[in-house]
């Protein structure tokens, strides 16, 4: 087996300005491992940091790792599995995680790919209530790692941020042949003390770092361990492949005041509206559309700049609230409609405003919406796209991904750009 030098990946990391993983807001955190040691190798420093910040941390281990030595007989495998459970407990204590609850699923080591549905069903209740979950990368070359990564993403609630950590992908591959999604990567820097703690924790897995029964090379020789001893841990967001379901927004708007994002009162929302209105290139527009209008607060302000305004949302409660907000404006209509339909973006527009809506769409719907914008907005008309700079847990994309779609589309000319620590806004003019 050919191994890649850790410095190769360190050099690749240095060429990417990756954001740090969120520590303070990550809990409750659920970590899912295929084998005892995956969590320590791939994420031990980050998990310890989240725990030290006071968050609840839970660990789920799919197998006992009993197949690490394939030549063992059934009794030997059972003994190895028991030993690896104890090693994990020792490693957790070394990381300051002695009080972390561990759930053992007892599924067959080296056979998880055949148990996807069982794994998903087992993980669903264990991931309930998690703000963040971690699992091995679903494209990791180890089949068990890939299986756990895929099952974790499938089982996670809509409100959970899913992250993955590569293990063998970086050990065996290079940045040139491993298609890491750098655009959704983040890093955690351990520091000297945390790096030593992780090094000591990894050493607790004696069955993996030491010689196997009968002699020979360890499962994790020093040249492999060096990849996990760099002081940096790499994480890859595992976004959903489907758009946020309509039921998600129906539930949100069913809150007591019908304003789940506090659009009427929060400074973020009020400032965002003010910047949006200030960035409109023209003082007045003939015919505008605002899909995803929500409670209608921005709709009310847009009404003063348009001869005709068609606002829409696919949440019935939002439509009712927005309709009430602009009831006195006879030139404004509010209806229930979903992107990418013409009902949400009718023909003949000279302005389309899409505020914090596009990143909730599936990739096909996002592409179809951009195509619909090109058809609905007349040449010389403006398209305003606004996004929070975070990444909603229930969104398949972030603002960078949506922006890249427009950057690659020569039907729209960049006109206005606004970027700050909280949101991004860009105005494109239809050619």
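The values are calculated or read from the model by the stated rules, or taken from the named source; none is laboratory data. Because the structure is a prediction, the values reported are computed rather than measured. Please note: Cβ atoms are built from the backbone with ideal geometry, for glycine as well, and neighbour counts cover all protein chains shown.
Summary table below
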quantity: Tally of residues being loosely packed, with under 14 Cβ neighbours inside 10 Å and modelled with pLDDT of 95 or more across segment 215-240; calculated: 3
quantity: Any chance residue 243 is surrounded by fewer than 20 Cβ atoms within 10 Å (Cβ to Cβ) and in contact with a helix residue (DSSP H, G or I) (Cβ under 7 Å, 6 or more places away or on another chain); calculated: no
quantity: Failed condition for residue 322, given (1) touching a helix residue (DSSP H, G or I) at 6+ places or on another chain (Cβ under 7 Å); (2) assigned to a strand (DSSP E or B); calculated: (2)
quantity: Of the criteria (1) in contact with a strand residue (DSSP E or B) (Cβ under 9 Å, 6 or more places away or on another chain); (2) surrounded by 21 or more Cβ atoms within 10 Å (Cβ to Cβ); (3) in contact (Cβ under 8 Å) with a residue 60 or more places away in the chain, which one residue 64 fails; calculated: (3)
quantity: Matching residues in segment 410-421 - criterion: being in contact (Cβ under 8 Å) with a residue 24 or more places away in the chain and either touching a strand residue (DSSP E or B) at 6+ places or on another chain (Cβ under 7 Å) or in a helix (DSSP H, G or I) (or both); calculated: 411, 412, 415, 416, 418
quantity: Scan of segment 393-409 for residues that are part of a loop (DSSP other than H, G, I, E, B) and within 11 Å of residue 357 (Cα to Cα), ordered by number; calculated: 395, 397, 398
quantity: Flag if residue 212 is surrounded by 13 or more Cβ atoms within 10 Å (Cβ to Cβ), under 31 Å from the mean Cα position of the chain (by Cα) and part of a loop (DSSP other than H, G, I, E, B); calculated: no
quantity: Test: residue 266 is assigned by TED's automatic domain parsing to the domain that holds residue 392, buried (at least 21 other Cβ atoms within 10 Å of the Cβ), free of Cβ contacts under 8 Å to residues at least 40 places away in the same chain and within 29 Å of the chain's Cα centre (by Cα); calculated: no
quantity: Near pairs, Cβ below 6 angstrom, 6+ apart or cross-chain, from segment 203-230 (touching a residue at least 40 places away in the same chain (Cβ under 8 Å)) to any residue that is in a loop (DSSP other than H, G, I, E, B); calculated: 205/37; 208/37; 208/219; 208/220; 212/69; 219/68; 223/3
quantity: Breaking point among (1) farther than 25 Å from residue 242 by Cα; (2) out of contact with any helix residue (DSSP H, G or I) (no Cβ under 6 Å at 6 or more places or on another chain); (3) surrounded by fewer than 16 Cβ atoms within 10 Å (Cβ to Cβ), for residue 382; calculated: (3)
quantity: Residue list for segment 284-305, restricted to those being in a strand (DSSP E or B) and surrounded by fewer than 24 Cβ atoms within 10 Å (Cβ to Cβ); calculated: 285, 286, 287
